[in-house]
1. Can you give the local net charge around D110? Use residues other than it whose beta-carbon is closer than 9 angstrom to its beta-carbon, Lys and Arg +1, Asp and Glu -1.
2. Would you mind getting me the FRET efficiency between D24 and L45? Use the beta-carbon distance for r and R0 = 25 Å, nearest 0.05.
3. Bin width 10 Å, origin at 0, all Cα-Cα pairs of the range 93-137: what percent of pairs per bin?
4. Kindly state, to the nearest 0.05, the FRET efficiency for I69 paired with R92, given R0 = 25 Å and r defined as their beta-carbon distance.
5. Could you give the length gained by full extension between N99 and D53, i.e. 0.36 nm per residue of separation minus their alpha carbon distance, to one decimal place?
6. What is the packing order of peptides 105-115, 42-52, 60-70, 127-137, taking the mean over residues of other C-beta atoms within 10 Å and listing the highest first?
7. Stokes-Einstein at 37 °C, 0.692 mPa s, Kirkwood radius from Cα pairs: D for the chain in µm² s⁻¹?
8. Starting from the range 1-46, pick out the GluC sites (Glu not before Pro) whose DSSP state is loop and whose Cβ has at most 10 other Cβ atoms within 10 Å.
Amino acid sequence: MKTKIDPNYIAALEKAIVEKYGKDAVQDFRNEWAETKEKEYLNQLKEMRVKRDRLSSHREEIKVGDVTITKRQSRQKENRTCPVCKTYSFSRRDDLYMNRFKGCYNCYTDFIEHREEAWKNGDRPTQEYIDYATRRRK
C-alpha cells in the first residue's frame, strides 16, 4: 500500500525550514553541481588516496637473481592485544574500547562499565582479579 504525500505539506515543510535555517538548507545540491566540479572532486579524492597510501606504507625492493620483488610494509603497527587482560582481539568492536579506555570490550564490561571516571583517574583492578575474570570468560 502506497501512501500519498500531500504536496501542500511538503511546501509548508520547506517554508518552515527556510524560515528557520535559511534558503540554502532546502537547495538541491545537484543544481550547482557541474561536470567540472565532478572532475575536480574526483581528482581531490585521488590525490588524498595517493597521499594516504604514500604516508601509511613504504616499499622495499628485494632482488633475487633477475627478479625484483616489491614488498610493501605498513608503517603503522596495529596492536590488537588488550593491555589489561593480555588477550588478542580479532573483533573490530574492541577498537572503540581500545581507543577510549585502553581495554577490550570484555574488560570494559568487567572492570570499566559504570566506573569510567575512576578508570580514567588510574584506578585498576588487581592482577588476581583480572586473572579470575579472564578465566570466567572462557
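Please treat every number below as a calculation from the coordinates, not as lab data. Bear in mind that the values here come from a model prediction, so they are computed numbers and not experimental data. Using ideal geometry, Cβ is built from the backbone for each residue, glycine included, and neighbour counts are taken over all protein chains shown.
1. Local net charge: +1.
2. Approximately 0.55, to the nearest 0.05.
3. 29, 57, 14
4. Step by step, r from the Cβ atoms, then E = 0.20.
5. 14.3 nm
6. Output ranking for 105-115, 42-52, 60-70, 127-137: 105-115, 127-137, 42-52, 60-70.
7. So the translational diffusion coefficient is about 151 µm²/s.
8. E32
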